[in-house]
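Structure first, then comments.
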Amino acid sequence: MTLPEAEITLTVNGRSVRRRVEPRQHLIDFLREGLDLTGSHVGCEHGVCGACTVRVDGRIVRGCLMLAVQAAGCSVETIEGVSESGELADLQSAFHQRNALQCGYCTPGMLLCAAELLETTPNATRAQIREHISGNYCRCTGYQAIVDAIETTLTARRAGRTAD
Amino acid sequence: MTARLPCPIPAHADLAPGADPTVVTRGHIGSPDPRPNARRLLQGRGTYIDDLRVPRLAHVVFLRSPHAHARILKIDSSTASRAPGVLGVFDGPAIAAICKPWVGVLAHLKGIKSAEQYPLAIERACWQGEPVVAIVAETRAQAEDARELIEVQWEVLPAITDMDASLAGDPVLHPELGDNICFERSVDTGGIDEVFAQADVVVEETFQFGRHTGVCPEGRSILADYNAAEHSLLVHHSTQAPHMIHDVLARHFDIPEAQVRVLCHDVGGAYGIKVHVYPDEICTVATSILLRRPVKFVADRMESFVSDIHAREHKATVRLAARHDGTILGIDLRDLTAIGPYSMYPRTSGIEGNQVVNLTGGPYRHQHYRAHMQAVFTNKNVTCQYRAVGHPIAVAITEGIVDLAAERLGIDPAEFRRRNLIPDDAYPYAFPSGVRFEQLSHQQCLDRLLELMDYEHLRADQAAARARGCYRGIGLAAMIEVTNPSAAFYGVGGARISSQDGATVRLEPTGALTVLCSVTEQGQGTETVFAQIAADVLGVSMERVRVITGDTAATPYGGGTWGSRGAGIGGEAVLQSARALRAQVLDAAAAILSCDKAQLDIAQDAVIDRLSGQTRLSLAELGRICYYRPDTLPAGFQSELVATRHYVPRDYAFAFTNGIQASWVEVDIETGFVQLLGHWCVEDCGTVINPLLVDEQIRGGVVQGLGAALLEECCYDDQGQMLNAHLGDYLVPMALEMPDIVCAHVQTPTRTSELGAKGAGEAGTAGAPAAVMNAINDALRPLAARVTAQPFTPERILAALGRV
């Protein structure tokens, strides 16, 4: 049964948004259907594949395991936002150069997942990279190119920090 | 190690002044160019079906049969029809009234039979997951809410879930067919019994293969938009074969072909799953026609597991006869496969078993072969062609029995293969199953593989590990692969599936190129390789080439993407059309410059003097004159700055490729877990147009094969219920367990085309399971344990070790 709609206010990609939503609506469906932010994808709707990965208050979450009402008052970032800000430009470029994507369906979630590792574990090994992204399903690449691209970005960022 | 035959690519950008334009020098072809179309996907700017925004869009969901086999006694949708937002509720007869049924048979698969199939089940459901009722509403949530209100009265019928029971034929699933055998095929060179009677050694093994499925990241999706005013149909579809779907829709809905348009946007993974005609997708089109408004269907994950085609449920018993020196004398195969209740339309569910018969034993030079294959109906989800169709089974059967023979004879498995692989100078070669090979490179690939993996070093490591109680193993898997299929695959059997593809190349007024091709893109990089080819032939820079695919209203007619044909067939069509346009551009340039065409060439976006290399006219200037100032051209000269050419292989039914893989594993004999320590693949796909893309196709394919070998299985109970139709329970490869994969290539271009490219997309999936199986069995050899049933789960390994 549907419950009465609730009004929520939240920040999405830096802009304040106020909408009425069904309490049962998932965050990913709210972003896609309510705000037309279609860059984040729906893959399994049970929290396994990671295609719906978005950031809420700076941490990655599964958009299919969180309700839109739970994001009230939060700051949500999606692939559209981080692409506009240029925050992941180096990672996106490394993915491009290394062909670390084929169909691209998992890619926005994979990028946001990898971005978290870039921030939290700047010295991550290949094994740590593999472990970190092992909640994000990619059927096309076999993962190696993704691991390479993340490793390249980690190395470049470390070199950049040293240069600073 | 690399065999590089002359490949007559025409003159292009880096041609030295005065050089012979027919000599090959490579610019973009052979270069690891990144994919221009990947940029939008990296920024979340792709367009998958569910991303489209269409006015008055309605949403359809399906009530599916909860039973494997049941009679539909009554459907009560009266409450659902009145639920909020509901626009229509349709049952089987309502849809059948406007859509002709189909039967998944082809004339060249002699004797294949199946029953009529409708978009929604009528009177009886034959598998758990078969669509029974379609519910259309203003939102998907409303449609799903209304689905809960539908009441169906079922009479549960006995389900056939075991393939041996099906073969026995009690009961017969479709009584009008007489028995449960969908298709059977035999090959017999004769003399097999004599060969086995006289052999020094005969080995026999039974291999079993679990059902698995493609698990596309994006579920199957279709958005149908029927326009009643002009009786026209626009369909946005996540598909590999838009022209095939176009033809099916026109025929089954009686809409003139010219009033149908199928558009593919970005496709979120396909792997053969999205090349078939699915009842729920056809039903979506029907609801759009009935409601006269756009309707969208996107399969969710759980319904994907019970409605996307499955593949590979086989049980094969194989015998191999050999001499003491290891010479293989003959192979004898019996294969049984269960395909579900219907043969899939229009490609049929007979092809996979047919390929097992065609390909088993394929890398080796024995001349005696006998095979018998039967495909039977069961009350499980339908099976059909999924990436590498039949190859993983044929390769595992072959390489498993070859390893067993080598073990029995005490010959190292690499040496055993060297003695038996068809020599590289033996071509053209006819294999006993009837397939013909133009030119393969098994021996070169074996050499390259052993060098790449440092085989001797690994053998030493293995011995040292065993000494400390650690069980490591090496598995080899040689393979042949069907690519660039001609009309022999489907067309000769009466399927309206194009084996030829076409490309149009157009010079724009700015000197840019537009390429339109009937081959589609699902991330393999087909659009990129087409741009590379066009750029090279026409001397235009890559960034000035735009490629358009996936629109039946715009591109030439063709087959699309399947059967490892995109680069080899589509690429050749692009090459030929670009060559034709090049000649036409030079005609125009000669007219403008009032000189002999033979004095001119094209390089770096300009017409140049062939001898001096000096720029005579930029392509932008040529475009400006031809399009905007044709009045200044010589009288009677009309420029033609567009060319279209088509291509289909004719000399060989298929451009066979070959390759070999190796797996290096460690088996934990306490837990049964397999750790993948390394994986190598050497493959010969002819001309490598883009090594970056080819290697990632191989790696992705290998990992799909590793999933099949170790993780993936659609588990059914004896009532025909799929027990793990959930991504939490159906295990797929994730990054943590997968190894780095080393790829290398031998290049033997096919002479059947100028480009020389063969397919590469399925090779990884074809060989990886066999390599892993042989590696596990190599690891377990000191313990006298063997596994032969995929996937090789810890439970099965512990059972083989006698520990559970």
Inset, instruction - Can you run down the residue pairs with Cβ atoms below 7 Å, 6 or more apart or on separate chains, where the first is in the range A:121-140 and free of Cβ contacts under 8 Å to residues at least 40 places away in the same chain and within 8 Å of chain B (Cβ to nearest Cβ) and the partner is assigned to a loop (DSSP other than H, G, I, E, B) and among the β-branched types (V, I, T)? - result: A:R139/B:V215
Inset, instruction - Could you tell me whether the range B:264-280 includes any residue that is surrounded by fewer than 22 Cβ atoms within 10 Å (Cβ to Cβ) and in contact with a strand residue (DSSP E or B) (Cβ under 6 Å, 6 or more places away or on another chain)? - result: no
Inset, instruction - Please find, among B:G678, B:G701, B:G707, B:G764, the residue that is at pLDDT 95 or above, open to solvent by less than 10 Å² (accessible area, probe 1.4 Å), within 14 Å of chain A (Cβ to nearest Cβ) and in a strand (DSSP E or B). - result: B:G678
Inset, instruction - Within the range B:440-453, identify whether any single residue is on the phi < 0 side of the Ramachandran plot, part of a loop (DSSP other than H, G, I, E, B) and within 25 Å of the chain's Cα centre (by Cα), and answer yes or no. - result: yes
Inset, instruction - Would you check if B:A779 is farther than 30 Å from B:E303 by Cβ, among the small types (G, A, S), outside the structural domain of B:G129 (by TED's automatic domain parsing) and touching a Phe, Trp or Tyr at 6+ places or on another chain (Cβ under 6 Å)? - result: yes
Inset, instruction - Could you list all residues from the range A:62-81 that are closer than 19 Å to B:G44 by Cβ and open to solvent by 40 Å² or more (accessible area, probe 1.4 Å)? - result: A:R62, A:S75, A:E77
Legend entry - Wholly within the range B:152-266, helices (runs of 4 or more DSSP H) carrying at least 3 residues that are in contact with a helix residue (DSSP H, G or I) (Cβ under 9 Å, 6 or more places away or on another chain): B:242-252
Legend entry - Residue in the range B:246-261 that is open to solvent by less than 10 Å² (accessible area, probe 1.4 Å) and touching a Ser or Thr at 6+ places or on another chain (Cβ under 6 Å) present: no
Legend entry - Filtered residue count, the range B:310-338, keeping only those that are under 20 Å from B:A375 (Cβ atoms), among the hydroxyl-bearing types (S, T, Y) and either at pLDDT below 95 or surrounded by fewer than 24 Cβ atoms within 10 Å (Cβ to Cβ) (or both): 1
Inset, instruction - Kindly establish whether B:V732 is farther than 23 Å from B:A478 by Cβ and open to solvent by less than 20 Å² (accessible area, probe 1.4 Å). - result: yes
Legend entry - Among (1) open to solvent by less than 20 Å² (accessible area, probe 1.4 Å); (2) more than 7 Å from chain B (Cβ to nearest Cβ); (3) assigned to a loop (DSSP other than H, G, I, E, B), the one test that A:T153 misses: (3)
Inset, instruction - Read through the list (1) more than 14 Å from every other protein chain (Cβ to nearest Cβ); (2) in contact with a strand residue (DSSP E or B) (Cβ under 9 Å, 6 or more places away or on another chain), then give the number of the only condition that B:A146 fails. - result: (1)
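Here is a yes/no grid of residues against (1) touching a residue at least 12 places away in the same chain (Cβ under 8 Å); (2) in a helix (DSSP H, G or I):
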residue: B:L458; (1), (2): yes, yes
residue: B:A463; (1), (2): no, yes
residue: B:M479; (1), (2): yes, no
residue: B:A488; (1), (2): yes, no
Legend entry - Residue check for B:A567: open to solvent by 10 Å² or more (accessible area, probe 1.4 Å) and among the small types (G, A, S): yes
Inset, instruction - Could you list, in sequence order, all residues of the range B:736-759 that are among the β-branched types (V, I, T) and either surrounded by fewer than 23 Cβ atoms within 10 Å (Cβ to Cβ) or assigned to a strand (DSSP E or B) (or both)? - result: B:I741, B:V742, B:T752
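Quick one: is A:A145 within 18 Å of B:G44 (Cα to Cα) and either buried (at least 24 other Cβ atoms within 10 Å of the Cβ) or more than 7 Å from chain B (Cβ to nearest Cβ) (or both)?
When the stated conditions are applied, A:A145 does not pass them.
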Legend entry - Residues (open to solvent by 30 Å² or more (accessible area, probe 1.4 Å) and among the polar types (S, T, N, Q)) located in the range B:603-657: B:Q604, B:S612, B:Q614, B:T615, B:S618, B:T632, B:Q638, B:T644
Legend entry - Residue within the range B:494-503 that is open to solvent by less than 10 Å² (accessible area, probe 1.4 Å) and out of contact with any Cys (no Cβ under 6 Å at 6 or more places or on another chain) present: yes
Inset, instruction - Scan B:Q524, B:Q532 and give me the residue that is open to solvent by less than 20 Å² (accessible area, probe 1.4 Å), outside any strand (DSSP E or B) and within 14 Å of another protein chain (Cβ to nearest Cβ). - result: B:Q532
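With B:L290, B:L336 as the choices, which residue is in contact (Cβ under 8 Å) with a residue 60 or more places away in the chain, assigned to a strand (DSSP E or B) and of a type outside the set (K, R)?
Unique residue meeting the criteria: B:L336.
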Inset, instruction - Taking A:V12 as the residue in question, decide whether it is surrounded by fewer than 23 Cβ atoms within 10 Å (Cβ to Cβ) and either among the basic types (K, R) or over 18 Å from B:Q43 (Cα atoms) (or both). - result: no
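One line per residue, one yes/no per condition, for (1) in contact (Cβ under 8 Å) with a residue 60 or more places away in the chain; (2) assigned by TED's automatic domain parsing to the domain that holds B:A70:
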site: B:I122; (1), (2): no, yes
site: B:W127; (1), (2): yes, yes
site: B:A143; (1), (2): yes, yes
site: B:G169; (1), (2): no, no
site: B:V172; (1), (2): no, no
Legend entry - Enumeration of residues in the range A:15-45 that are at the interface with chain B (Cβ under 10 Å from one of its Cβ atoms), open to solvent by 40 Å² or more (accessible area, probe 1.4 Å) and under 26 Å from B:M734 (Cβ atoms): A:D29, A:E45
Inset, instruction - Would you mind telling me which numbered condition in (1) out of contact with any Cys (no Cβ under 7 Å at 6 or more places or on another chain); (2) buried (at least 24 other Cβ atoms within 10 Å of the Cβ); (3) under 23 Å from B:C126 (Cβ atoms) B:P341 fails? - result: (1)
Inset, instruction - Output the residues belonging to the range B:337-346 that are under 14 Å from B:H310 (Cα atoms) and not hydroxyl-bearing (S, T, Y). - result: B:A338, B:I339, B:G340, B:P341, B:M344
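When you check B:M344 against the structure, is it in contact (Cβ under 8 Å) with a residue 60 or more places away in the chain, of a type outside the set (S, T, Y) and assigned to a strand (DSSP E or B), yes or no?
No; evaluated as a whole, the condition is false for this residue.
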Inset, instruction - Only one of these is over 30 Å from B:P749 (Cα atoms) and under 36 Å from the mean Cα position of the chain (by Cα): B:T615, B:T632, B:T671. Name it. - result: B:T671
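The values are calculated or read from the model by the stated rules, or taken from the named source; none is laboratory data. Note that the structure is a prediction, hence the values are computed from the model and not measured. Note: ideal-geometry Cβ built from the backbone for every residue, glycine included; neighbour counts use all protein chains shown. Surface accessibility is based on the protein's heavy atoms, side chains included, excluding ligands, DNA and RNA. Shrake-Rupley method; radii C 1.70, N 1.55, O 1.52, S 1.80 Å.
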